[in-house]
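To keep things clear, I will list the structure first and then write my remarks on it.
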Amino acid sequence: MDNTSLAQIIDTIARQARKASYSLMSLSTAKKNAVLLRIAALLEAEKEYIQAENGRDLQLGKEKGLSAAMLNRLELSDAVIASMITGLREVCALPDPVGAIREMVKRPNGLLVGRMRVPLGVIAMIYESRPNVTIDAAALCLKAGNAVILRGGSEALHSNMALATILQRAFAEEGVDENAAQVIPVTDRQAVNIMLAQEQYIDLVIPRGGEGLIRFVTETSKIPVLKHYKGVCHIFVDKDADLDKATPIILNAKVQRPGVCNALEGLLLDRAVAESYLPIIADALSKNGVELRGCPRCLRILPQMTAAGDDDWGREYLDLKLVVRVVDSLDEARTYIQQYGSQHTEAIITENYSTAQEFIATIDASAVMVNASTRFNDGGQLGLGAEIGISTTKLHAYGPMGLEELTTRKFVVFGQGQVRS
């Protein structure tokens, strides 16, 4: 397909999304929920069709030599579809943030000034591998009153187009503009470049995937981007830590799901506890298959540890590997995190209230944990319900993005004839 034709396709999709976004601004909560439940019903009714299209992607993926892990992420199994349906029902149950007015203040001149939650408008989602994101993202964007343009990976095209059919059928059957959720129907990477220049129609881009994809989107886009490049998360075991608490927290953070962005990647031990505690935690981690890489001070305590190389500090392993460093103080731990952290999740284990408060106040991360696993930085775990991703940028969301983070606020002013003097 030539660039002119491709540009016309993307321009049409973006224009249609902008038009649909206007109708969504006043859509009632009941109607949004009706659409979500219709999508859930159609996923169940059309499961054979969806899985047949997904089977085409799986076969092509095998022929292209995709890894077993990639194929697993690509598969729309019965369990994955059931999870998608459950997710839709959970979004239905979440409070609708749109239209809520808070902080109403009466000014000296009698004006009432408040701030109302409103949709962002049109959101573009760019993601890889997992076609279930197509439904998850569309559901959250709809409940927050946004139109969404979805661009999945080329390896999931047939799956995503099948899910797009379900989405648009549900919208149409409920009398809602079906262009409120659209999937880009081509795999040409140039389509992404064109979409990222549609700043007159698209309000926000959210990329989900590997660091390479996210950096490409950030460097190319003319539209604001909410993203996180990687999750390099740390736990600092303070000199006043309860070490009986520390071990299960560290094991959970590293071992439960090592391939996710809120998994532990770096362990910092205060020198006051390092000599006694490092052998204990190293043994526990090793029994769970974790390979440790340590600083010179660690190697003096445990000579059998692998020496950490320069590229281990600040590395996102996404695997059963962990780098360990002994530090002299909270100040040194903080300096290390400032240098090697990714503003995702940082944790401290301590029984010292003042130390905990200083850590909370001075560590720059989207979530800071005290005596808890880094794995809790997740929308569902933090009480947001479903999330569309985790942002390590600060404008306008920092951390897990739930429904409220998919909206913004506008001022509303109620007067009784006042004029400005």
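The values are calculated or read from the model by the stated rules, or taken from the named source; none is laboratory data. Predicted model, so just to flag it, every value in this text is computed and none were measured. In this analysis, Cβ positions are derived from the backbone assuming ideal geometry, glycine residues included, and neighbour counts consider all displayed protein chains. SASA here: full protein model, heavy atoms, side chains in, ligands and nucleic acids out. Shrake-Rupley method; radii C 1.70, N 1.55, O 1.52, S 1.80 Å.
Computed over protein heavy atoms with a 1.4 Å probe, the accessible surface of the chain works out to 45 Å² per residue.
Taking 24 Å as the cut-off for C-alpha to C-alpha distance, list the pairs among LYS254/LYS287; LYS143/LYS227; LYS19/LYS106; LYS230/LYS410; LYS64/LYS321; LYS31/LYS394 that go past it.
Values: LYS254/LYS287 13 Å; LYS143/LYS227 21 Å; LYS19/LYS106 35 Å; LYS230/LYS410 32 Å; LYS64/LYS321 29 Å; LYS31/LYS394 32 Å.
With Cα atoms farther than 24 Å apart: LYS19/LYS106; LYS230/LYS410; LYS64/LYS321; LYS31/LYS394.
For the set ARG15, ARG215, the ranking by accessible area, highest first and with no ligand, DNA or RNA atoms included, is ARG15, ARG215 under a 1.4 Å probe.
Extension gain LEU243-GLU63, at 0.36 nm per residue separation less the Cα-Cα distance, in nm?
On the way: separation 180, 0.36 × 180 = 64.80 nm, distance 5.00 nm.
Stretched out fully, the LEU243 to GLU63 stretch lengthens by 59.8 nm.
Expressed per residue, the C-alpha convex hull volume of the range 114-164 stands at 64 Å³.
Just the ratio, please: alpha-carbon radius of gyration of the range 73-122 over 2.2 N^0.38 Å, N its number of residues.
Working: Rg = 19.7 Å, N = 50, 2.2 N^0.38 = 9.7 Å.
Compared with the compact-globule rule of thumb, the range 73-122 sits at 2.03.
Suppose only helical runs count, i.e. DSSP H with n ≥ 4. What mean residue ellipticity at 222 nm does that imply for the chain under -39500 (n - 2.57) per run, divided by all residues and rounded to the nearest 500 deg cm²/dmol?
On the way: 14 runs with 181 residues, N = 421.
Roughly -13500 deg cm²/dmol at 222 nm, from the helical runs in the chain.
Find the percent of Cα-Cα distances in the range 16-62 that exceed 13 Å, and round it to a whole number. Cα-Cα pairs of the range 16-62 separated by over 13 Å account for 70 percent. Would you give the gap between the C-alpha center of the range 284-300 and the C-alpha center of the range 32-50, rounded to a whole Å? That distance is 48 Å. For ALA172 and GLN200, the FRET efficiency from 1/(1 + (r/R0)^6), where r spans their Cβ atoms and R0 equals 30 Å, is about 0.70. Here the label points at GLN8 and ASP319, each 7 Å from Cα along the C-beta direction, are separated by 4.8 nm in the simple model.
Of all DSSP beta bridges located in the chain, what percent are antiparallel, nearest 5? Around 25 percent of the beta bridges assigned by DSSP in the chain are antiparallel ones. Its residue count N sets the reference 2.2 N^0.38 Å, and the alpha-carbon radius of gyration of the range 296-421 equals 1.49 times that reference. Between MET369, MET161, MET116, the Gaussian network model of the chain with springs among Cα atoms under 10 angstrom shows the greatest mean-square fluctuation at MET116.
Between the range 332-405 and the range 89-168, how far is it from one alpha carbon centroid to the other, in angstrom? The two parts, judged by their Cα centres, are 23 Å apart.
Counting heavy atoms of the protein chains alone, PHE414 has an accessible area of about 110 Å² for a 1.4 Å probe. Along its three principal directions, the equivalent ellipsoid of the chain from the Cα gyration tensor extends over semi-axes of 41, 29, 19 Å, largest first.
Report the calculated FRET efficiency for GLN418 and ALA93 (r = Cβ-Cβ distance, R0 = 35 Å), to the nearest 0.05. Please report the intermediate quantities before stating the final value.
On the way: r = 41 Å, r/R0 = 1.18.
Taking R0 as 35 Å, the efficiency between GLN418 and ALA93 is 0.25.
Taking the longest Cα principal axis of the chain as reference, the axis of helix 47-63 is set at about 50 degrees. Ligands, DNA and RNA excluded, the heavy atoms of LYS239 present near 110 Å² of accessible surface to a 1.4 Å solvent probe. Taking a quarter of the surface of the Cα convex hull of the range 97-237 gives a mean projected area of 13.3 nm².
What the pair-distance distribution of the range 210-316 shows, using all Cα-Cα distances binned every 5 Å from zero, is 2, 11, 19, 21, 18, 10, 7, 6, 4, 2, 0 percent.
Once both labels are positioned 7 Å from their Cα atoms along Cα-to-Cβ, the gap between GLU332 and GLU48 label points is 6.6 nm.
Relative contact order of the range 44-184, taken over Cα pairs closer than 8 Å and 6 or more residues apart, is 24 percent. The figure for THR374 is an accessible area of roughly 0 square angstrom, using a 1.4 Å probe on the protein chains alone.
Convex hull volume of the Cα atoms of the range 126-209, normalised per residue: 87 Å³. Within the listed set LEU167, LEU150, LEU299, the Gaussian network model of the chain (springs between alpha-carbon atoms below 10 Å) gives the highest mean-square fluctuation for LEU299. In the range 1-79 the Cα-Cα distances spread across 5 Å bins starting at 0 as 3, 12, 12, 11, 12, 19, 19, 10, 3, 0 percent of all pairs. Could you tell me whether the range 229-381 comes out rounded, prolate or oblate from its Cα gyration tensor? Rule is a ≥ b ≥ c as square roots of the eigenvalues, rounded for a/c under 1.5, then prolate if a/b exceeds b/c, otherwise oblate. Note, shape of the range 229-381 comes out rounded.
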